[in-house]
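The values are calculated or read from the model by the stated rules, or taken from the named source; none is laboratory data. Note that the structure is predicted; figures quoted are calculated from it, not measured. When we count neighbours, we look across all protein chains shown, and the Cβ atoms used for this are built from the backbone with ideal geometry, even at glycine.
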Amino acid sequence: MGNTIKALVAFIPTNRCQNYVIGDLREMPLDKMVDLSGSQLRRFPMRVCSFRELVKLYLSDNHLNSLPPELGQLQNLQILALDFNNFKVLPQVVCTLRQLCILYLGNNKLCDLPNELSLLQNLRTLWIEDNCLTHLPDVVCKLSLLKTLHAGSNALRLLPGQLQQLRELRTIWLSGNLLTDFPTVLLHMPFLEVIDVDQNSIRYFPSLAHLSSLKLVIYDHNPCRNAPKVSKGVRRVGRWAEETPEPDPRKARRYALANEESQEPQTPASLPPLLPMSS
């Protein structure tokens, strides 16, 4: 029965589905947000481009693999969610949305990111988890205001040394990659507050006690023979940690993410905003 329903849905012309989904979008929403997540979209609904003051646009969990150039008209966008779609290449138009603070690209089929992404100098949070990345794109190291980087569930084996240039970076999530050694570059980033290397292949952890800003390190599910040394007050999630009982890694992540998501983007000023916005 379920397969029959799916077949019928697939048979319905895409434009009719879109008209039904966005039929109520007659004028600019008062909250300056449009959420079309899980709407079975295969093409971007062009009507959205008329909402020039739009601040938040959620297109998660659809079937999109391209975006029209007209999306560039939404120059007030601060949050754009493109996760759980079918993008193999990030559309260049995304790189023209220079007020973006939060960009969700997770659960797509991206193998790289365009150099033009460096134009997004207001970006604070970047989600690129669960893609096809075998290396961290160099352009990420050019996002000077980046505070949170989610790059889990890829095929990363190491991190570039240039990452330490991101002096605003506070949280880095690297769970579910192919790291066999703890990334050396992270040892030179004393401003990091959260490090997640859960579910990798790290056999030995160097001391992290010198990372003066560190608050949480998640290192569970690694074939390590030691726990990373940390300074007093730092929470550790993994084998041989002092805390009893140990917090579940997923709960620890949710706790940290809740702190990040508590920050809402503000209306951009004439100068580039410097608010600590994360997600």
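Need a quick list: strands (runs of 3 or more DSSP E) entirely within segment 119-228 having at least 3 residues that are under 16 Å from the mean Cα position of the chain (by Cα). Talk me through it step by step, then tell me what you get.
Numbers: elements: 125-127, 148-150, 171-173, 194-196, 216-218.
Counting at least 3 such residues, we get 125-127, 148-150, 171-173, 194-196.
Quick one: is Pro114 under 20 Å from His135 (Cα atoms) and either in contact (Cβ under 8 Å) with a residue 60 or more places away in the chain or more than 15 Å from the chain's Cα centre (by Cα) (or both)? Don't jump to the end; show me each part of the working.
Details: under 20 Å from His135 (Cα atoms): yes; either in contact (Cβ under 8 Å) with a residue 60 or more places away in the chain or more than 15 Å from the chain's Cα centre (by Cα) (or both): yes.
Spelling it out, Pro114 is indeed under 20 Å from His135 (Cα atoms) and either in contact (Cβ under 8 Å) with a residue 60 or more places away in the chain or more than 15 Å from the chain's Cα centre (by Cα) (or both).
Of the residues Leu71, Leu77, Leu54, Leu8, which single one is farther than 29 Å from Leu156 by Cα, assigned to a helix (DSSP H, G or I) and modelled with pLDDT of 95 or more?
Leu71
List, please: which pairs have Cβ atoms under 7 Å, are six or more places apart or on different chains, and start with a residue in segment 94-105 that is more than 14 Å from Lys56 (Cα to Cα) and end with one that is not hydroxyl-bearing (Ser, Thr, Tyr) and not in a loop (DSSP other than H, G, I, E, B)?
Here the result reads Cys95/Glu116; Cys95/Leu117; Cys95/Leu119; Thr96/Gly72; Leu105/Trp127, each pair linking segment 94-105 to a residue that is not hydroxyl-bearing (Ser, Thr, Tyr) and not in a loop (DSSP other than H, G, I, E, B).
Exactly one of these conditions fails for His188: (1) closer than 25 Å to Asp130 by Cα; (2) at pLDDT 95 or above; (3) of a type outside the set (Lys, Arg). Give me its number.
(1)
Take the residues in segment 184-212 that are out of contact with any strand residue (DSSP E or B) (no Cβ under 9 Å at 6 or more places or on another chain), in contact (Cβ under 8 Å) with a residue 24 or more places away in the chain and within 24 Å of Asn107 (Cα to Cα), then tell me which one is surrounded by the most Cβ atoms within 10 Å (Cβ to Cβ).
Checked segment 184-212; the qualifying residue surrounded by the most Cβ atoms within 10 Å (Cβ to Cβ) is Asn200.
Please specify each residue of segment 72-86 satisfying the condition of being closer than 20 Å to Ser39 by Cα and in contact with a Ser or Thr (Cβ under 8 Å, 6 or more places away or on another chain).
Within segment 72-86, Ile79, Ala81, Leu82, Asp83, Phe84, Asn85 meet the criteria.
What about Val94, is it over 24 Å from Val140 (Cα atoms) and out of contact with any Ser or Thr (no Cβ under 9 Å at 6 or more places or on another chain)?
So Val94 does not fit the description; no.
In segment 93-112, what residues are surrounded by fewer than 22 Cβ atoms within 10 Å (Cβ to Cβ) and either among the hydrophobic types (A, V, I, L, M, F, W, C) or in contact with a Lys or Arg (Cβ under 7 Å, 6 or more places away or on another chain) (or both)?
Answer for segment 93-112, where residues must be surrounded by fewer than 22 Cβ atoms within 10 Å (Cβ to Cβ) and either among the hydrophobic types (A, V, I, L, M, F, W, C) or in contact with a Lys or Arg (Cβ under 7 Å, 6 or more places away or on another chain) (or both): Val93, Cys95, Lys109, Leu110, Cys111.
Taking segment 52-78 on its own, how many of its residues are surrounded by 18 or more Cβ atoms within 10 Å (Cβ to Cβ) and touching a Cys at 6+ places or on another chain (Cβ under 7 Å)?
4
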